[in-house]
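Have a look at the structure below, then the notes.
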Amino acid sequence: MRIAVVGGGPGGLFFAVFARLARPDWQVTVWERDSAQSSGFGLVLPRRALETLRQRDPDLSHRLDSRMVWWENVLIRHNGGSVSIAGPPYSSISRALLLSELRVRCQELQVQIRTGQAAPDSPELARTHELVVAADGANSLVRSAHQRSFGSTPKVGRSRYAWLCMGEQLDAFQFYTLERSGNVIQIHSYPHATDASTVIIEMREEAWRRLSLASDGTDAFGESSVQFCQQILTDAFGKVPLLAHSRSWRRFVSVSAESWTTRNVVLMGDAAHAMHFSTGSGTKLAMDDALVLVDCLAGEAGIESALQAYQNRRYPTVSEFARAAEASRVWFEEIDAYRDKHISEFALSLLIRSGRISAERLRWAGMQALRDTDEPGFRRARVELGVFAEPRRIS
Ligand SMILES: Cc1cc2nc3c(=O)[nH]c(=O)nc-3n(C[C@H](O)[C@H](O)[C@H](O)COP(=O)(O)OP(=O)(O)OC[C@H]3O[C@@H](n4cnc5c(N)ncnc54)[C@H](O)[C@@H]3O)c2cc1C
């Protein structure tokens, strides 16, 4: 089978690797329009992602493992207070390294990669290939070209964020709030290398305008933004250098396509479902899409029925993540409502914002600081939020 993959991000490259491992007789060509490193710094990857990968491709999993950094704590700071929570181990990797290891694996498996070349139009690819895999990200051109079939309405968030890299390895995931001229600034940060960490600075659109960060009326990341972010890093982490930053202040675009397949064209990864970065699951979801898509193609007789089987298997899980991600996005966009909350109430609300972490799970994860302290703010938070009541019996 001749397969065209549009987009050489994590989704497209994982698909190419799994496809060639499953069926060395398939010819896989990946088009990636960027020749330089694409945007982004560190990606958090859940442990489950590595376990899944270990089963499918131990070589690749081993190489990625050696490039990852690990940590166990989450530190939350708000309103002059802080709380540190021990959780299960988390890991992350630099996006550039992940893509470079994936490209090496693709070369070993004889995947053709056309770097620095935009893919031909999807109707043409659909004529010249038996299958077109659209892994071209949240702003997918393939999805736009078949808008009627895929039926997606991208939703633009109400906050602005910048993606930064700073020159120091943090030892925990850290979430901070700071105030600037009465505006709440959020900082999401985590290590991704032994000498670097990823930082996302986020704020409401109104705050971004009031703080005059719109450079010449555009969203470009100008000199005043560099100075602003460097000062935020200094206030939050001490004297640390800002090594790199995104080109602009972006608004997050959530995507949820109603259908992922039309004839021999299929969506995967962010092209099918882009969800707010605060859930840290986009890369794992793209990898799981790739695995299931390959399994369905290898197991079903015809392409259209394989694509339908893929959608049937992935859609329910992805929809559940998408609901949680939307709740998370809205929580961060409405953070002003929590600005006067005591750290304990704030931290609990932050942890359970998406509805994916239950009180049971928090207890299981051994989040001692929140569970055991008898400090009045924590007691009030436990009662108000209804968490850490007596455990329900799970039959
Ligand atoms: C600020 C931020 C932080 C994030 N943090 C995390 C995290 O910690 N953990 C996590 O799992 N996820 C995170 N994500 C999400 C994650 O980056 C995405 O879910 C993931 O990259 C999706 O992979 P993809 O391959 O589907 O799409 P992309 O990574 O967007 O890749 C698409 C590729 O297609 C290429 N392309 C587009 N059009 C064409 C064309 N016409 N021809 C050729 N090539 C084309 C693009 O250049 C790009 O390289 C974060 C996202 C953001 C914005």
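Read-outs: derived from the displayed coordinates by stated rules, not from any lab. None of the values given here were measured: they were computed from a predicted structure. Neighbour counts are summed over all protein chains in view; Cβ atoms, including those assigned to glycine, are modelled from backbone coordinates with ideal geometry.
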To the nearest 20 Debye, how big is the dipole of the chain about its Cα centre, given +1 on the beta carbon of each Lys and Arg and -1 on that of each Asp and Glu? 420
Quick calc, residue 317 & residue 258: beta-carbon distance into FRET formula, R0 22 Å, rounding 0.05, result 0.85
So, in Å, what gap is there between the alpha-carbon centers of segment 129-145 and segment 185-228? 30
Distance in nm between label sites at residue 100 and residue 220, each 7 Å beyond Cα in the beta-carbon direction? 2.9
Sort the following peptides by mean Cβ neighbour count (other Cβ atoms within 10 Å, averaged over residues), highest first: 325-338, 90-103. 90-103, 325-338
With +1 assigned to the C-beta of every Lys and Arg and -1 to the C-beta of every Asp and Glu, and no other charges, what is the dipole magnitude of segment 78-219 about the Cα centre in debye, to the nearest 20? 440
For the ranges 106-114, 342-350, what's the packing order if you count other beta-carbon atoms within 10 Å of each residue, average per peptide, and put the highest first? 342-350, 106-114
Relative to the first principal axis of the alpha-carbon coordinates of the chain, what is the inclination of helix 10-22, with its axis defined by its Cα atoms, in degrees from 0 to 90 and to the nearest 10? 50
The extension gain from residue 212 to residue 230, computed as 0.36 nm times the residue separation minus the Cα-Cα distance, is 4.9 nm
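Mean shadow of segment 137-230, computed from the convex hull of its alpha carbons, in nm²?
Projected over every direction and averaged, the Cα hull of segment 137-230 covers 8.2 nm².
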Using DSSP, restrict attention to beta bridges with both residues in the chain and report what percent are antiparallel, rounded to the nearest 5. 70
What FRET efficiency, computed as 1/(1 + (r/R0)^6) with R0 = 41 Å and r the Cβ-Cβ distance, is obtained for residue 33 and residue 243, rounded to the nearest 0.05? 0.95
Could you name the aspartates and glutamates in cross-link range of residue 155, using Cα to Cα under 12 Å and dropping any fewer than eight places away on the same chain? 326
